[in-house]
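The values are calculated or read from the model by the stated rules, or taken from the named source; none is laboratory data. Keep in mind that this is a model prediction, so the values were computed, not measured. Neighbour counts are summed over all protein chains in view; Cβ atoms, including those assigned to glycine, are modelled from backbone coordinates with ideal geometry.
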Amino acid sequence: MPSGSRCVERARAANQLDAPATARKSQDGGMTTWEYLIVELPSFEAPTHAPGASAAAHALNEEGERGWEAVGMTPLPDGRIVVLLKRPRPQQ
C-alpha cells in the first residue's frame, strides 16, 4: 500500500466528487455549498502522544491545511480506512 501523501494524492485524483453539493445558510445569509473528497488513509500505527506523529494523522493534517475537514470515517472489509472530507466550494 502506498504511504502517506502518495496514498492520499492517488485517492484524491480518483475520487474528487463533482456531484451537486449540499447547501446551508452562511453567516452572510447566502448559501454555502460544499465540495467533497474521499481519501484512503495510510496503514494505522500504534497511537502516540505526539500530535501528527502517525502517517494517518499526518495525511489528515495535510488535507486540513488545504481547507478540508474530516466529516466521516469508514472501515472497509479489507481493513483499509477511507475518510470523507468536505470544504466550502469556492464562490463562482
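Observations on the structure shown:
- Selection of the stretch 61-76 for residues being at pLDDT below 95 and part of a loop (DSSP other than H, G, I, E, B) yields only L76.
- Residue within the stretch 44-60 that is modelled with pLDDT of 95 or more and exposed (fewer than 10 other Cβ atoms within 10 Å of the Cβ) present: no
- Condition broken by H58, with the remaining ones in (1) of a type outside the set (F, W, Y); (2) in a loop (DSSP other than H, G, I, E, B); (3) over 23 Å from P90 (Cα atoms) satisfied: (2)
- Count of the stretch 61-84 residues which are surrounded by 11 or more Cβ atoms within 10 Å (Cβ to Cβ), of a type in the set (A, V, I, L, M, F, W, C) and either closer than 21 Å to E45 by Cα or in contact with a Cys (Cβ under 9 Å, 6 or more places away or on another chain) (or both): 6
- Scanning the stretch 31-47 for residues that are in contact with a helix residue (DSSP H, G or I) (Cβ under 9 Å, 6 or more places away or on another chain) and part of a loop (DSSP other than H, G, I, E, B) yields L41, P42, S43, F44, E45.
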